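Below is one structure; the comments refer to it alone.
The values are calculated or read from the model by the stated rules, or taken from the named source; none is laboratory data. What you are looking at is a predicted structure, and each value in this text was computed from that prediction instead of being measured. Methodologically, a virtual Cβ is constructed for each residue, glycine included, from the backbone with ideal geometry; neighbour enumeration extends over all protein chains shown. These area figures cover heavy atoms from the full protein model, side chains too; ligands, DNA and RNA do not enter into them. Shrake-Rupley method; radii C 1.70, N 1.55, O 1.52, S 1.80 Å.
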Amino acid sequence: MHSSPPLRVPVGRDAQRWSTFQARRTLVVAARTVTSTARVLESLPALLRDDTRVSVVFAYDPTSAFDNGVLELLHDSGCRVMPWRQLGEIDPDLIVSASENIDVPDGDCPVLVLPHGIGFQKFVPDSRAPRTRLSGVVPDSLLEAGRAWLAVSHPDQEAQLLASHPKTAGRTLLVGDPCFDELVVSARHRDAYREALGVGAGQRLVMVSSTWGPTSLIGREPGLPARLLAALPYDEYRVGAIVHPNVWSAHGSWQLRTAQATALDAGLLLMPPVHSWRPALVAADVVVGDHGSVTLYGAALDKPVLLAAFGSDAVPGTAGADLGHMAPRLDPAGDLRRQIEHAVQSHEPQRYAEVARRAFSDSGQALARLRTAVYQLLRLPEPPSRPPAAPTLLPPDPASAAITSWRVTTAVAEDAGRPVVTVDRFPAAVCADWAEGPGPYVHLACTDEERDPRLAESASVVVRARRATTAAGALGWIQDTLTRLPGSGLAATGVRGAGAGWLVGLRDGRVVEAAATGPALDAGLLAAAVYGCLRAGRPLDDTMVTLRVGGPRDADVVLRLHPR
């Protein structure tokens, strides 16, 4: 197998001849897993901002079971990468890693280990022996040599380490948690994150959070995201998933996306494994999780939490274990909508405040303390600039495909002589059937962009995904669609222009004009209102209908027959 050549700049023999920045110190980042590498990349730029005295090189350690994706992350971030074997040929001044399970060459340079989660709350497989070990603790050799420094986010973690690993005595640094500081300071941008994710006003975002391993949520209940999407009405809820990077690394994005194919077709917001999970968690209304750090971050942000799994690999006596005792359980086989609604409605503010106090100390100081620690270990004075503060997070990238088919239920009642049509839509990908039946009426609706011909040909209602430019174009599209799809009863499209509204064509040749006030609607909802009135035998000309979507979200809809 071809091995990569040694890195010559900015480290290696004769490096100074080729370097533009004449650095006084060399800092090496040990990049072993995607999780640990991302954590360093999220913190280090703020610590070394504007300082050319420190040369930074990333040493890639390919020995982890979760090393897949590390090189891509480093290259995408513009990092200078050297092979791990070269680490023994240079003389770094400091090694920084968020992965404790590293074999560094002999020497005397200090090794600073940052947490890649919250504290030391999980037992993980030991790559050196057929046993488990406490996540976050470096090998004894580094402790015995006096080279290792473990950053902790709370004094209780120091006491925990001292009790379980006495050799850590005097080797901890109380820093705080930079990630939690960023989550807290970014809370004021929650609306922007929700908009970026496509979460509409009045919708709830349910975020599924899973760590890795067989006891994780995604390991025990891989079908839960799809079941949530089937249980929660599309116009009232969005469902997202934050899956630990180790799952992406060990199984590959292809395998994960294949395993969640139905949920993805139904609109699951599957967050990328690096960076975007943080603003997505801020945007969430409720967290369905397990014993992973993301669930604990959500609780510390005062989110309602439901535990769908909680593994025995959680460490007793930690803040994470306390959350396991406090948070209510989700029954994956039960009524998911009822459980989600109850979790939101019954949540008491600051319910998990004590758990958060046990996990995080001196919130807001982590980056400043971490910069002080790094420069002390480098034996350099800190830059004269102000200590760094936690930055607000950037909005996440959209993470779902457009929904192109729905199972629609319409219930028609009457209030003060006016029809009230209540509409619930569910992505067809997660629904077992959509057979039409007596009220509440059920039908299948598809857009004209639906790729599954079985769904397109079975749809009772076809909706044009993009508005027609003119009324004449809309009428032509309606006629062509109903001719092409003889099994469909209605075809609906919006028409561009102020006050243009929507046109809904019926199989019998009638065309209904629909105009609505109130919250923003789409052609699918207007078509559902017409469908409900048609099935209930209500008049479709000069009729005022109350369209109810998502509980109290009402819109007034005027229906008139289009003149032939």
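If I filter the range 73-90 down to residues being of a type in the set (D, E, K, R) and more than 21 Å from Asn246 (Cα to Cα), which single residue comes out as modelled with the lowest pLDDT? Lay out the reasoning, then the answer.
Our first condition is that a residue be of a type in the set (D, E, K, R); within the range 73-90, this holds for 76, 80, 85, 89.
From the residues that got through so far, the ones that are more than 21 Å from Asn246 (Cα to Cα) too are 80, 85, 89.
Values: Arg80: 91, Arg85: 88, Glu89: 85.
Only one residue fits best here, namely Glu89.
Looking only at residues of the range 513-548 that are touching an Asp or Glu at 6+ places or on another chain (Cβ under 8 Å) and modelled with pLDDT under 90, we find that the one that is surrounded by the fewest Cβ atoms within 10 Å (Cβ to Cβ) is Thr517. Count of the range 277-291 residues, restricted to those that are buried (at least 24 other Cβ atoms within 10 Å of the Cβ) and outside any helix (DSSP H, G or I), is 6. Could you run through the range 387-403 and say how many residues are under 13 Å from the mean Cα position of the chain (by Cα) and surrounded by 15 or more Cβ atoms within 10 Å (Cβ to Cβ)? The number of residues fulfilling the criteria is 4.
For the range 11-24, filtered to residues that are surrounded by 15 or more Cβ atoms within 10 Å (Cβ to Cβ) and touching a Lys or Arg at 6+ places or on another chain (Cβ under 7 Å), the residue that is modelled with the lowest pLDDT is Ala15. Note on the range 260-283: residues that are of a type outside the set (S, T, N, Q) and over 19 Å from Ala402 (Cα atoms) total 9.
Considering the range 26-85 alone, what residues qualify as being assigned to a loop (DSSP other than H, G, I, E, B) and of a type in the set (Asp, Glu)?
Start the filter on the range 26-85 by keeping residues that are assigned to a loop (DSSP other than H, G, I, E, B), which leaves 32-33, 48-53, 61-69, 77-80.
If the condition is that a residue be assigned to a loop (DSSP other than H, G, I, E, B) and of a type in the set (Asp, Glu), then Asp50, Asp51, Asp61, Asp67 are the ones that fit.
Here the condition is being open to solvent by 10 Å² or more (accessible area, probe 1.4 Å), on the phi > 0 side of the Ramachandran plot and in contact (Cβ under 8 Å) with a residue 60 or more places away in the chain; of Gly213, Gly170, it holds for Gly213 alone. Out of everything in the range 469-480 that is under 39 Å from the mean Cα position of the chain (by Cα) and surrounded by fewer than 20 Cβ atoms within 10 Å (Cβ to Cβ), what residue ends up being nearest to Ala428 (Cα to Cα)? By that ranking, first place goes to Trp477.
Kindly evaluate Glu450 against the criterion of being open to solvent by 50 Å² or more (accessible area, probe 1.4 Å) and charged (D, E, K, R). Walk me through it before giving the result.
Numbers: open to solvent by 50 Å² or more (accessible area, probe 1.4 Å): no; charged (D, E, K, R): yes.
So Glu450 fails the test.
Contact map, the range 80-98: residues that are polar (S, T, N, Q) paired with residues that are modelled with pLDDT under 90, Cβ distance under 7 Å, separation 6+ or inter-chain. Pairs shown: Gln86/Pro6; Gln86/Leu7.
If you go through the range 251-263 one residue at a time, do you hit one that is touching a residue at least 60 places away in the same chain (Cβ under 8 Å) and open to solvent by less than 10 Å² (accessible area, probe 1.4 Å)? Yes, the range 251-263 has at least one match. When you check Ser312 against the structure, is it of a type outside the set (Val, Ile, Thr) and open to solvent by 40 Å² or more (accessible area, probe 1.4 Å), yes or no? For Ser312, the condition - of a type outside the set (Val, Ile, Thr) and open to solvent by 40 Å² or more (accessible area, probe 1.4 Å) - is met.
Somewhere in the range 192-200, is a residue within 22 Å of Gly292 (Cα to Cα), hydrophobic (A, V, I, L, M, F, W, C) and buried (at least 17 other Cβ atoms within 10 Å of the Cβ)? Quick ask: steps written out before the conclusion?
To start, the set of residues in the range 192-200 that are within 22 Å of Gly292 (Cα to Cα) comprises none.
Scanning the range 192-200 turns up no residue that is within 22 Å of Gly292 (Cα to Cα), hydrophobic (A, V, I, L, M, F, W, C) and buried (at least 17 other Cβ atoms within 10 Å of the Cβ).
Condition check: open to solvent by less than 20 Å² (accessible area, probe 1.4 Å) and in contact (Cβ under 8 Å) with a residue 12 or more places away in the chain. Does Ala300 satisfy that? It is false that Ala300 is open to solvent by less than 20 Å² (accessible area, probe 1.4 Å) and in contact (Cβ under 8 Å) with a residue 12 or more places away in the chain. When the range 423-447 is limited to residues that are surrounded by fewer than 20 Cβ atoms within 10 Å (Cβ to Cβ) and in contact (Cβ under 8 Å) with a residue 40 or more places away in the chain, the one that is farthest from Glu236 (Cα to Cα) turns out to be Gly439.
Which of the following residues is part of a loop (DSSP other than H, G, I, E, B), of a type in the set (Val, Ile, Thr) and either in contact (Cβ under 8 Å) with a residue 24 or more places away in the chain or surrounded by fewer than 23 Cβ atoms within 10 Å (Cβ to Cβ) (or both): Val274, Val294?
When all the criteria are applied, what remains is Val274.
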